[in-house]
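The values are calculated or read from the model by the stated rules, or taken from the named source; none is laboratory data. Only a predicted model underlies this, so the values are computations on that prediction, with no experimental measurement involved. Cβ placement follows ideal geometry from the backbone for every residue including glycine, while neighbour counts extend to all protein chains displayed.
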Amino acid sequence: MPLDGWKERLFRRYLLYKCREERVRRHLRSRVKKLPAPDPGDGRRVRAAAVQVEIKLFKEPLDYVEEMHRLTLEAVEAGAQLIVFPEDNNLPLLGMLPGVEEAGKAVIPGDGEAPKKEPEITVTDVIRYVGPVVRPLIHTIFSTLARWYRVYIMAGSYLLPEGDRVMNRAILYGPDGSFIGKQDKVHLMPIEKEWGISRGSKLEVFPTPLGKLAFPVCMDATYFETFRILEKQGAEIVMIPIANPEPYNYWLALRGIWPRVQEAPVYGIKSALVGRVLGFEFTGRAGVFAPMELTPRGDGVLAELESPGKEGIAVADLDLEALQELRRNHPWRDSNEQLYQRYFSHLYQLYPYREAPPGAASPRPSSPGAVPGS
Amino acid sequence: MQVAALSLRGVRRDSLNHYREDLSALLKESAAALVVLPAYSALLLALETGRLAPGEDFPALAESYRAMAPEWNVSFLELHRDLARRHNLYLVCGTLFEEEGGCWYHTAYCCDPRGEISGRQRQTHLDREQRELGLSRGEELEPLPLEDLRLGILVANDVRHPETGRILALQGVDLVVHCGALPAGANPCLQVAGLWSQVQQNQFWGVEAQLSASLGRREFSGECAVLAPCEITEGQTGYLARSGPEAPLAAARLDREARREIMNRYPLLKLLNPRAYRGHLY
């Protein structure tokens, strides 16, 4: 088994020590700012913040903790009750691994370049190796931040080992610091499939005092099915964490959450991981979206960051009563269940998907190529 | 293959001869093997050639149309079958209202280069006004043959419901045409949320014909466009051609190799997850 020699095991123990709960909590306690209790609201208006994280690799885990705290605090100070972090939010923690940048250059070349050498370790090997460190660290950081600031935090998504599989999993914490739920990415990008990531098979809605929340991941927003299923389960706010490894293009980025919000209709919050790391360029513009009928300019956008490559926070208020009223009295929406039953029951079966068996991942990640937006 | 969408702007409709003459000129100009006309074309032509009394509002016009439909629909279709045959092209001639089994439908027809009706498509999702008019929903979305391609048709409000495009895509449709009619001054985002989004999530080509005319004290105006997956269009916009509301047509050539390449490189439909949909969507 790769990364299972005595040196690797010893180093992981060192990482576990560096990331131990007590150390992280102590750090956060020293940083946390005393703020007045956030407005509990009337339960039908929600102030939401979409966080755009500019990626850096952190050698010291407390620097990552500090970064997450700083961004959370900024959102809290803007009055946010719901804060949304991006996909692959644990990528910065790979900086804890010695030589990761060099290894990245070797196996994930830029466009047109050939890999410098055949890697012996796969992406899923790395995820399995750091999983026992990352999982409790993430929990400690975000449950503590949620509790301290009495807000809901969708902590973003994380590549995490789960038995013999590796999932892309998003996590939600409540204002008492409790773990509310998880959502595994249901539609994978081709490169994730190539890496041997497994996909989830269930889309869930989590009822909270803020509203009915859901948080599928990135590519899930390319498929109308995701939002339709969530809408049928009563979702009001759908959060989409993204990490799009492609140069920014307005139209490509428009292919994800925006049309899904119009089709459903629901409120949508997109958080983005941006910047360059390990040979990838991540771009996106975090934003808060709504059905066109509920936006002042009629463009379906309540707030959106200007820069596709810089850190920032997009904040907007969501009126859940207005959403319900729109759903009750919609001018153009219709449903044709007979049509759907007639076709979908057999047509979906024509598209079987073959998941790579555990451990059968390609050892050589390729360039991600073009990706539908989220 | 060259395809085109017409808005009917600038086409004289005061007589059938003028209509035939002007439409013929545009069909020739388009140099297309497939041309799509917008929604309500039969109603518009009936009104402007004096077969329907003017001065009524749109719902009243649609109601009045019912009385003349059995006869007028035949004439309307004969006219367009003849145009398709003369110009040797496929012509999706817009829409009409028709009755069958006591139900009224909003239906688009496709005429082939032999002058035959190659297929029809009823609107499957109705907006509130159409439901109040007593229209019924179609319950089929079947591909039509178009040379060696498969063609799907979306009528009016169908385009805002993503189930329609997905049903067609899963049946292997290569090209989806849309007969549309948007109120003048409507939010331009509506079109992006319509066929543009359907094209992007299904990777078929799209041809969108939006009506540009006044009908029953209601102005219609939208943009005609030819659409493709972003990756195979200039600037990755998803548009191969777009007319703007002032121009009578949008035309473009479809590159089969480019579409095949992006579908292989980025196989969106193969990454569907039916297991997650079971019990919710089927």
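Things worth noting here:
- Taking the listed residues B:His125, B:His106, the one that is touching a residue at least 24 places away in the same chain (Cβ under 8 Å), facing another protein chain (nearest Cβ under 9 Å) and touching a helix residue (DSSP H, G or I) at 6+ places or on another chain (Cβ under 8 Å) is B:His125, with no other qualifying.
- Among (1) away from chain A (no Cβ under 14 Å); (2) touching a Lys or Arg at 6+ places or on another chain (Cβ under 9 Å) - the single one B:Arg218 does not satisfy: (2)
- Filter result (surrounded by fewer than 24 Cβ atoms within 10 Å (Cβ to Cβ), in contact (Cβ under 8 Å) with a residue 24 or more places away in the chain and touching a strand residue (DSSP E or B) at 6+ places or on another chain (Cβ under 8 Å)) within the stretch B:222-238: B:Glu223
- Any chance A:Arg44 is touching a residue at least 12 places away in the same chain (Cβ under 8 Å), under 22 Å from A:Gly174 (Cβ atoms) and either crowded, with 17+ Cβ neighbours inside 10 Å or not hydrophobic (A, V, I, L, M, F, W, C) (or both): yes
- Note on the stretch B:119-139: among residues that are touching a Pro at 6+ places or on another chain (Cβ under 7 Å) and not hydrophobic (A, V, I, L, M, F, W, C), the one that is surrounded by the most Cβ atoms within 10 Å (Cβ to Cβ) is B:Asp127.
Residue by residue, here is whether (1) closer than 30 Å to A:Gln324 by Cα; (2) in a helix (DSSP H, G or I) holds:
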| position | (1), (2) |
| --- | --- |
| A:Pro136 | no, yes |
| A:Trp148 | no, yes |
| A:Ile153 | yes, no |
| A:Pro161 | no, no |
| A:Ala170 | yes, no |
| A:Gly177 | yes, no |
| A:Lys193 | no, yes |
| A:Lys202 | yes, no |
| A:Ala221 | yes, yes |
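- Within the stretch A:204-219, restricting attention to residues that are surrounded by fewer than 24 Cβ atoms within 10 Å (Cβ to Cβ) and not in a strand (DSSP E or B), the residue that is farthest from the other protein chains (Cβ to nearest Cβ) is A:Pro209.
- Single residue of A:Arg260, A:Arg285 found to be touching a Phe, Trp or Tyr at 6+ places or on another chain (Cβ under 6 Å) and either within 9 Å of another protein chain (Cβ to nearest Cβ) or of a type in the set (D, E, K, R) (or both): A:Arg260
Yes or no, residue by residue, for (1) surrounded by 22 or more Cβ atoms within 10 Å (Cβ to Cβ); (2) among the hydroxyl-bearing types (Ser, Thr, Tyr); (3) under 19 Å from B:Leu135 (Cα atoms):
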{"site": "B:Leu44", "(1), (2), (3)": "yes, no, yes"}
{"site": "B:Leu47", "(1), (2), (3)": "yes, no, no"}
{"site": "B:Pro59", "(1), (2), (3)": "no, no, yes"}
{"site": "B:Val74", "(1), (2), (3)": "no, no, no"}
{"site": "B:Leu77", "(1), (2), (3)": "no, no, no"}
{"site": "B:Arg81", "(1), (2), (3)": "no, no, no"}
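- Single residue of the stretch B:128-158 satisfying the filter (closer than 22 Å to A:Thr222 by Cα and free of Cβ contacts under 8 Å to residues at least 40 places away in the same chain) that is farthest from the other protein chains (Cβ to nearest Cβ): B:Asp158
- Being within 14 Å of chain B (Cβ to nearest Cβ) and either surrounded by fewer than 17 Cβ atoms within 10 Å (Cβ to Cβ) or more than 26 Å from A:Leu188 (Cβ to Cβ) (or both) is true of A:Asn336.
- Some residue of the stretch A:176-198 being buried (at least 22 other Cβ atoms within 10 Å of the Cβ), more than 30 Å from A:Leu252 (Cα to Cα) and away from chain B (no Cβ under 14 Å): no
- For the stretch B:32-88, the tally of residues that are β-branched (Val, Ile, Thr) and part of a strand (DSSP E or B) stands at 2.
- Enumeration of residues in the stretch B:223-282 that are over 22 Å from A:Asn249 (Cα atoms), in a helix (DSSP H, G or I) and facing chain A (nearest Cβ under 10 Å): B:Leu269, B:Lys270, B:Leu271, B:Pro274, B:Arg275, B:Ala276, B:Tyr277
- Selection status of A:Glu74, surrounded by 14 or more Cβ atoms within 10 Å (Cβ to Cβ) and either over 26 Å from A:Gly279 (Cβ atoms) or free of Cβ contacts under 8 Å to residues at least 40 places away in the same chain (or both): yes
- Any hit, the stretch A:178-188, residues being within 22 Å of A:Thr122 (Cβ to Cβ), in contact (Cβ under 8 Å) with a residue 60 or more places away in the chain and among the hydrophobic types (A, V, I, L, M, F, W, C): no
- Qualifying residue in the stretch B:86-97 (condition: in contact with a Gly (Cβ under 9 Å, 6 or more places away or on another chain), modelled with pLDDT of 95 or more and closer than 24 Å to B:Tyr65 by Cβ): no
- Qualifying residue in the stretch B:185-196 (condition: part of a loop (DSSP other than H, G, I, E, B) and more than 10 Å from chain A (Cβ to nearest Cβ)): yes
- Which numbered condition B:Glu100 misses (of (1) within 28 Å of A:Ser345 (Cα to Cα); (2) more than 14 Å from chain A (Cβ to nearest Cβ); (3) surrounded by 19 or more Cβ atoms within 10 Å (Cβ to Cβ)): (3)
- The set of residues in the stretch A:223-244 that are within 13 Å of chain B (Cβ to nearest Cβ) and either hydroxyl-bearing (Ser, Thr, Tyr) or part of a loop (DSSP other than H, G, I, E, B) (or both) comprises A:Tyr223, A:Thr226, A:Gln233, A:Gly234, A:Ala235.
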